[in-house]
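Undergrad: Starting off with a structure, shown below.
The values are calculated or read from the model by the stated rules, or taken from the named source; none is laboratory data. Just so you know, these numbers come straight off a predicted model, no measurement behind them. Cβ placement follows ideal geometry from the backbone for every residue including glycine, while neighbour counts extend to all protein chains displayed.
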Amino acid sequence: MPRRSGAFLALPYADLAPSLPRPPTDAPAGVQQLFAELLAMAPRDHFRPSDMPLLEQYCQACLLARAAFEEITANGPVIDGKPSPWVAILAAAHKSSAALAARLRLAPQARATARTTGRNQNARAPSAFDLMRLEAEHSD
């Protein structure tokens with residue numbers, strides 16, 4: 001890379017990064033909060049304004065899955081000998097959030113390339129001591 005002159009360094013810097021999408025103002029507070037969290041965790045150039053509808057739907061699916069899981073946790077997966085209707089809602093929310101995550105490139109497969117996956121294949125496996133430590137942490 002060539003050296004930069006003092007004149008070049010004195011030029012004003014223009015940030016030409018794309019503007020971040022904004023959650024709809026009429027969206028519920030939970031959707032807006034999750035939307036903002038996802039934007040904060042992703043690289044600045046990951047999302048485009050055209051991704052906003054999919055990102056909003058992804059947030060809705062995640063929040064619906066949380067609500068369904070809370071209902072199942074509180075009341076159990078079986079009510080009066082029948083499966084809770086929340087089980088079907090949870091399954092549908094998981095299915096749509098997984099599909100949207102892939103489209104928005106939020107899934108682990110979207111972050112991995114064939115080159116890095118091949119290199120990580122030779123990574124060190126956890127030792128017996130690592131496994132015992134994890135088991136002890138989860139049993140507490």
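Undergrad: Out of all the residues in segment 98-114, which are crowded, with 16+ Cβ neighbours inside 10 Å and either over 23 Å from the mean Cα position of the chain (by Cα) or assigned to a helix (DSSP H, G or I) (or both)?
TA: The initial filter retains those residues of segment 98-114 that are crowded, with 16+ Cβ neighbours inside 10 Å, namely 100-101, 104, 106.
Matches in segment 98-114: 100, 101.
Undergrad: Shifting gears a bit: Can you name the number of the only condition in (1) in contact with a Leu (Cβ under 8 Å, 6 or more places away or on another chain); (2) not in a helix (DSSP H, G or I) that residue 34 fails?
TA: Every condition holds for residue 34 apart from (2).
Undergrad: Another question, then. Of the conditions (1) aromatic (Phe, Trp, Tyr); (2) out of contact with any helix residue (DSSP H, G or I) (no Cβ under 7 Å at 6 or more places or on another chain); (3) at pLDDT 95 or above, residue 69 clears all except one; give me its number.
TA: (2)
Undergrad: Just need a number here: residues in segment 57-97 that are among the small types (Gly, Ala, Ser) and either loosely packed, with under 13 Cβ neighbours inside 10 Å or part of a strand (DSSP E or B) (or both). Steps first, please.
TA: If we filter segment 57-97 for residues that are among the small types (Gly, Ala, Ser), which is where we start, we get 61, 65, 67-68, 74, 76, 81, 84, 88, 91-93, 96-97.
So of that shortlist, the ones also either loosely packed, with under 13 Cβ neighbours inside 10 Å or part of a strand (DSSP E or B) (or both) come out as 74, 76, 81, 88, 91.
So the count comes out to 5.
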